[in-house]
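The structure appears right after this line, and notes come after that.
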Amino acid sequence: MSLFGQDRSFLHALPAADRRSLIAEGARRSYEPGEVMIREHDTSAYVLALLSGWSVVSVGTERGSRLILALRGAGEVVGDLAAVDLRPRSATVTALGAVEAVAVSGDRFRRFLAARPHATSLIMRQLATRLRSADVERRALASETVLQRLAARLVELAERAGRPADAGTVLQLPLPQHDLAAAIGATREAVAKALRLLREQDVVRTANRTVIVIDMRVLVLLAEGRARPRAEQADESPPDV
């Protein structure tokens with residue numbers, strides 16, 4: 001499962017001239033941390049080309065909570081699905097930190113794609129990648145434990161947005177526990193319990209909105225389901241006779 005898009009973003013995959021043309025089609029917008037950039041079920045059709053910062057893509061659930069589907073950063077576009085199929089927004093996009101973007105109307109974005117088959121191919125590839133990721137996510141929710149899903153998320157965040165430090169790898173995306181929970185389809189309490197277990201095993205260290213991965217090897221094994229915390233192993237040991 002993956003919170004991130006393709007290794008090479010849409011804007012960065014475009015030829016430089018096409019990239020400049022797309023940006024020239026829109027208007028610059030700035031978003032503050034926590035500001036909604038696109039709202040689920042809205043009927044607008046503009047596309048946002050992200051120039052800097054990170055945003056969170058999420059959907060509401062019947063229980064009134066939210067499920068985080070993805071993180072989108074500089075070079076990526078969001079809102080393209082509604083621009084292409086002209087249906088209501090399928091998700092909410094919220095600024096994780098300060099975000100700079102260019103807003104392009106749906107009409108202009110469609111004309112841009114129609115004139116550039118290469119750009120259309122990139123969008124189709126992007127949609128296919130997101131669909132495959134959604135399939136993997138559904139399988140993970142049905143078959144993996146909270147600890148395994150959390151370990152996988154932390155590995156991905158460390159690899160894609162981590163900063164090496166003396167103590168380990170510092171996750172630079174300031175996701176609080178309730179966002180980590182929303183990113184793996186679990187409750188905040190379940191994530192707090194899993195994080196406590198990882199701390200006790202010296203796999204991670206946590207502080208206010210900060211996670212430091214201390215033992216990446218063990219975290220990867222937990223994510224792959226090839227290791228279990230020592231506490232679980234002890235619980236399954238045969239009784240003394």
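Here are the numbers for the structure shown:
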{"quantity": "Some residue of the range 187-200 being in a loop (DSSP other than H, G, I, E, B), in contact with a Leu (Cβ under 6 Å, 6 or more places away or on another chain) and outside the structural domain of SER65 (by TED's automatic domain parsing)", "calculated": "no"}
{"quantity": "Out of SER133, SER105, SER90, SER121, sole residue that is assigned by TED's automatic domain parsing to the domain that holds ASP42 and either under 22 Å from ARG160 (Cα atoms) or in contact with a strand residue (DSSP E or B) (Cβ under 6 Å, 6 or more places away or on another chain) (or both)", "calculated": "SER133"}
{"quantity": "Which listed residue, of LEU51, LEU113, LEU67, LEU150, is of a type outside the set (Gly, Ala, Ser) and in the same structural domain as GLU189 (by TED's automatic domain parsing)", "calculated": "LEU150"}
{"quantity": "Number of the condition not met by ARG66 [criteria: (1) surrounded by fewer than 18 Cβ atoms within 10 Å (Cβ to Cβ); (2) closer than 22 Å to LEU173 by Cα; (3) among the basic types (Lys, Arg)]", "calculated": "(1)"}
{"quantity": "Check on GLY5, of a type in the set (Gly, Ala, Ser), modelled with pLDDT under 95 and out of contact with any strand residue (DSSP E or B) (no Cβ under 8 Å at 6 or more places or on another chain)", "calculated": "no"}
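Every residue, every condition in (1) charged (D, E, K, R); (2) in contact with a His (Cβ under 6 Å, 6 or more places away or on another chain); (3) buried (at least 21 other Cβ atoms within 10 Å of the Cβ); (4) outside any helix (DSSP H, G or I), yes or no:
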| position | (1), (2), (3), (4) |
| --- | --- |
| ARG139 | yes, no, no, no |
| LEU147 | no, no, yes, no |
| LEU157 | no, no, yes, no |
| PRO164 | no, no, no, yes |
| LEU180 | no, no, yes, no |
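The values are calculated or read from the model by the stated rules, or taken from the named source; none is laboratory data. Keep in mind the model is a prediction, meaning the values are calculated, not measured. Note: ideal-geometry Cβ built from the backbone for every residue, glycine included; neighbour counts use all protein chains shown.
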